[in-house]
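One structure is given here, and the rest of the page talks about it.
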Amino acid sequence: MKPKICILRIEGTNCEYETALSFTRLGASAEIVHLKQLIGAVKERERRNLKGYDALVIPGGFSSGDYIRAGTILAARINGALESEIADFIENGKPVLGICNGFQVLVEMGLLPGFGAHDEIGLQQAALTTNDSAHFECRPTLIKHENNGNCVFTRGIERACILKMPCAHAEGKFLIDEKNRERYIQLLEDNDQIVFRYVDPAGNYASYPWNPNGSVHNIAGICNPEGTILGLMPHPERAFYAFTDSEWSRKSRERNEGEGTGKENAYGDGEKIFKAVLDYLHSRADE
């Protein structure tokens with residue numbers, strides 16, 4: 001059976017189509033589902049049940065126009081209408097991916113970082129706030145994979161591997177208040193929850209423009225303690241194929257002049273994330 005992926009959309013999301021294609025190109029069954037379909041605010045034939053899916057993705061964009069704060073309105077709507085369904089979904093080990101605006105939503109929902117006592121889960125513990133540049137940053141980013149195997153979305157990706165993906169956000173600065181910052185960062189490290197950090201071409205942690213938003217400790221993506229929920233600011237769906245890379249033509253010439261001109265070179269770095277989670281879903285199905 002093909003893994004069934006729910007790509008959530010509401011007014012303002014704009015990356016759901018590319019995200020769905022990334023999964024279908026790897027053999028999954030991806031469906032773009034409006035929030036109203038999950039809460040029953042549509043005709044009977046259009047209704048969907050979250051239980052019927054193997055993974056949930058909250059894509060990028062500007063849900064509800066990012067009024068109030070990026071991701072806040074969608075987070076409130078999900079928590080208000082689907083809180084128990086989401087809790088059951090996560091409790092069953094089904095993966096959840098939040099890309100850019102989706103990462104903002106997961107943080108606003110309290111699902112990320114998601115550590116602490118049971119009664120603390122669901123409380124907001126961090127924020128994704130205005131970039132230090134005070135500008136909308138749309139640029140290629142380099143992110144180093146720093147997870148040791150906890151995150152199901154990056155298993156199979158070599159640790160310390162540097163991936164290239166574009167970012168496009170005005171509120172991408174991962175921030176923890178000063179009172180809890182040291183303790184929370186230590187928890188993230190102890191729990192193997194830091195998945196990606198922004199780096200320069202040499203693989204070193206660096207400030208702007210390599211860190212496009214000023215995130216603390218250069219954090220670009222984190223997972224929950226169980227490793228089944230991933231949020232990241234760069235867009236893997238926009239780096240699924242190698243030809244979307246700004247340097248593709250040069251790199252293509254270099255490959256053609258050397259070795260390794262096979263089909264594997266057609267994929268970009270973003271494909272690795274979609275493949276990893278599908279491998280995880282296939283392994284669950286085989287159990």
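Assuming a strict under-18 Å limit between Cα atoms, what lysine pair count do you get for the chain once near-sequence pairs (fewer than 8 apart, same chain) are dropped?
Lysine pairs satisfying the spacing and distance rule in the chain number 19.
I need the semi-axes of the equivalent ellipsoid of segment 1-78: take the C-alpha gyration tensor, multiply each eigenvalue by 5, square-root it, list largest first in whole angstrom.
Taking √(5λ) for each Cα gyration eigenvalue gives 22, 16, 9 Å.
Based on other C-beta atoms within 10 Å, arrange K179, K164 from fewest to most.
K179, K164
Sorted from fewest to most neighbouring beta carbons within 10 Å, what does the list E287, E158, E226, E146 look like?
Arranged by neighbour count, lowest to highest, E287, E158, E226, E146 become E287, E158, E226, E146.
Find, to one decimal place in angstroms, the Kirkwood hydrodynamic radius of segment 65-146, where the mean of 1/r is taken over every pair of different Cα atoms and then inverted.
14.2
Could you work out [θ]222 nm for the chain from helices alone, using -39500 (n - 2.57) per DSSP H run of at least four and dividing by all its residues? Round to the nearest 500 deg cm²/dmol.
The per-residue figure over the chain is -9000 deg cm²/dmol.
Let me know the Rg and Dmax you get for the chain when you use only its Cα atoms, in Å.
18.2, 58
Values in this text are rule-based calculations from the coordinates and carry no lab data. Just so we're clear, the structure is a prediction, and the values are computed from it rather than from any experiment. Cβ atoms come from the backbone with ideal geometry, glycine included; neighbour counts cover every protein chain shown.
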